[in-house]
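Asker: Take a look at the following structure, please.
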Ligand code: BG6
């Protein structure tokens, strides 16, 4: 087992992600005794010093985390700051004595984790500037670099970015973070499937009718209109988070759980996605954009009125797609995937719809067998099936058997960023996206990007609804309907 004693260098230390996610994650790891010898060096253009950086991080932690003055002081004493002009290679020279000093002080043997929490335009620049000072070489301790989403903007730019980073860091040093893979419930999919004898025999085209994956959010684009408009639901959620979830549902069991065999199976799924044709993007894809509405008595802006969004934007805030996986296990089973902002609930879930019995003995409307895997919130797994309605006759009604994560109250569950930061420090890349899978995912979505570029239709939907009517029609073509989940799972029966 590798040591996680190291210095964590955060580029973009004055930005939002640092104080909202990274510092709180590191704080909790520290609080739970998962970090021992470590230091955090914040790096950005803003002129701060160790004290002012600590003060800012302390304020952020006080707002979101449960703290005690002692733990807060102890944690903050590990924080340091170095102002650097991040696009000027010479300026990175300032990091050399700082890192020497910190490695000596904390006995961290030169082990360094770089985190690029910066605008993507710097993802190619930072590795080159680090290399200019030998800060990428592993002669004295390991050097790893975490790259935040978006990894490229399309297939071509993702490849270019890879080439840029690979000039200075080898693949084993690169950790592409997709925070969905850090979610406990996403990882649980593997355990659910591969550690139980009864799911796997049914987990294929012989028994499964179709699969639904929903990543719904009730919030709009908030303060991120500028970023979001260049991205849209496809790049923001679908190409990465939802395709990764789909891969977890569809992958073959790896021979062993390690970074390579796991990621081999994920990559195979991405490569097996049936390429989207012109007919698919016209008939099996729906893009949408929310319009203003009143929700719970409050006026909610439409996407075009959001800050940072051009008044004529055609960026989609919703997308639904019917796709297929061309392999032995899944041939012919449709996967319906949708995501959107300003939908009625915040809920991420997977629904496995099983085929009905070959002959309806009791009634034509016997309930479907479904397995609902709730990723968030109210994390749960629910099996839905039919049982006899009490009374005369043989009418079936739907009942459920539920498991809720909250019932494991005594277990300490790491948040996605806590888990992934810890894994990167330990050198475990299992839950990080590998370059081949990322490229295959971009390749798969390229026809959608082309469709958007060439004026493909973007439907309107009212904020607070389940997306455009066209999305209902998309699934209704095969006589199916989307599940309309609420934020809460049904109570136990
Ligand atoms: C981010 C997207 O990657 O994921 C956001 O950029 C989105 O737009 C977020 O809101 C959703 O993450 P979660 O963990 O809240 O489902």
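Asker: Condition (residue is buried (at least 19 other Cβ atoms within 10 Å of the Cβ) and in a loop (DSSP other than H, G, I, E, B)) applied to the stretch 97-109: is it met by at least one residue?
Answerer: Yes, some residue in the stretch 97-109 is buried (at least 19 other Cβ atoms within 10 Å of the Cβ) and in a loop (DSSP other than H, G, I, E, B).
Asker: Of everything in the stretch 420-435 that's crowded, with 21+ Cβ neighbours inside 10 Å and part of a helix (DSSP H, G or I), which residue is nearest to the ligand (Cβ to nearest atom)?
Answerer: 420
Asker: Between a first residue in the stretch 450-471 that is part of a strand (DSSP E or B) and a second residue that is surrounded by fewer than 19 Cβ atoms within 10 Å (Cβ to Cβ), which pairs have beta carbons less than 6 Å apart while being 6 or more apart in sequence or on different chains?
Answerer: 458/314; 459/470; 460/291; 462/291; 462/293
Asker: I've got another one for you. Can you say whether residue 213 is more than 16 Å from the ligand (Cβ to nearest atom), closer than 20 Å to residue 338 by Cα and touching a strand residue (DSSP E or B) at 6+ places or on another chain (Cβ under 9 Å), as far as the supplied structure shows?
Answerer: On the way: more than 16 Å from the ligand (Cβ to nearest atom): no; closer than 20 Å to residue 338 by Cα: yes; touching a strand residue (DSSP E or B) at 6+ places or on another chain (Cβ under 9 Å): yes.
It is false that residue 213 is more than 16 Å from the ligand (Cβ to nearest atom), closer than 20 Å to residue 338 by Cα and touching a strand residue (DSSP E or B) at 6+ places or on another chain (Cβ under 9 Å).
Asker: Sticking with this structure for a sec: Regarding residue 197, is this residue modelled with pLDDT under 95 and within 27 Å of residue 302 (Cβ to Cβ)?
Answerer: Considered against the rule, which asks whether it is modelled with pLDDT under 95 and within 27 Å of residue 302 (Cβ to Cβ), residue 197 comes out as no.
Asker: Strands (runs of 3 or more DSSP E) wholly in the stretch 219-327 with at least 2 residues that are buried (at least 19 other Cβ atoms within 10 Å of the Cβ) and within 16 Å of the ligand (Cβ to nearest atom) - which ones?
Answerer: Those strands (runs of 3 or more DSSP E) span 285-291, 318-324.
Asker: From 299, 252, 326, which residue is free of Cβ contacts under 8 Å to residues at least 60 places away in the same chain and either within 17 Å of residue 448 (Cβ to Cβ) or touching a helix residue (DSSP H, G or I) at 6+ places or on another chain (Cβ under 8 Å) (or both)?
Answerer: Numbers: 299 fails: either within 17 Å of residue 448 (Cβ to Cβ) or touching a helix residue (DSSP H, G or I) at 6+ places or on another chain (Cβ under 8 Å) (or both); 252 fails: free of Cβ contacts under 8 Å to residues at least 60 places away in the same chain.
So the residue among 299, 252, 326 that is free of Cβ contacts under 8 Å to residues at least 60 places away in the same chain and either within 17 Å of residue 448 (Cβ to Cβ) or touching a helix residue (DSSP H, G or I) at 6+ places or on another chain (Cβ under 8 Å) (or both) is 326.
Per-residue answers, yes or no, for (1) under 22 Å from residue 476 (Cα atoms); (2) touching a strand residue (DSSP E or B) at 6+ places or on another chain (Cβ under 8 Å):
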site: 226; (1), (2): no, no
site: 251; (1), (2): no, no
site: 277; (1), (2): yes, no
site: 292; (1), (2): no, yes
site: 311; (1), (2): no, no
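Asker: Quick check on the stretch 126-144. Is at least one of its residues within 16 Å of the ligand (Cβ to nearest atom) and in contact with a strand residue (DSSP E or B) (Cβ under 8 Å, 6 or more places away or on another chain)? Walk me through it before giving the result.
Answerer: From the stretch 126-144, those within 16 Å of the ligand (Cβ to nearest atom) are none; that's our starting set.
There is no residue in the stretch 126-144 that is within 16 Å of the ligand (Cβ to nearest atom) and in contact with a strand residue (DSSP E or B) (Cβ under 8 Å, 6 or more places away or on another chain).
Asker: Does at least one position in the stretch 361-379 carry a residue that is out of contact with any strand residue (DSSP E or B) (no Cβ under 8 Å at 6 or more places or on another chain), within 16 Å of the ligand (Cβ to nearest atom) and either without any contact (Cβ under 8 Å) to a residue 24 or more places away in the chain or assigned to a loop (DSSP other than H, G, I, E, B) (or both)?
Answerer: Looking for residues that are out of contact with any strand residue (DSSP E or B) (no Cβ under 8 Å at 6 or more places or on another chain), within 16 Å of the ligand (Cβ to nearest atom) and either without any contact (Cβ under 8 Å) to a residue 24 or more places away in the chain or assigned to a loop (DSSP other than H, G, I, E, B) (or both), one finds none in the stretch 361-379, hence no.
Asker: What tally of residues in the stretch 171-204 results from selecting those that are more than 16 Å from the ligand (Cβ to nearest atom), assigned to a helix (DSSP H, G or I) and either crowded, with 18+ Cβ neighbours inside 10 Å or touching a residue at least 40 places away in the same chain (Cβ under 8 Å) (or both)?
Answerer: Residues that pass the stated criteria total 9.
Asker: Against the condition farther than 30 Å from residue 458 by Cα and out of contact with any strand residue (DSSP E or B) (no Cβ under 6 Å at 6 or more places or on another chain), how does residue 206 come out, does it pass?
Answerer: Details: farther than 30 Å from residue 458 by Cα: yes; out of contact with any strand residue (DSSP E or B) (no Cβ under 6 Å at 6 or more places or on another chain): yes.
Spelling it out, residue 206 is indeed farther than 30 Å from residue 458 by Cα and out of contact with any strand residue (DSSP E or B) (no Cβ under 6 Å at 6 or more places or on another chain).
The values are calculated or read from the model by the stated rules, or taken from the named source; none is laboratory data. Nothing here was measured: the structure is a model prediction, and the numbers come from that model. Note: ideal-geometry Cβ built from the backbone for every residue, glycine included; neighbour counts use all protein chains shown.
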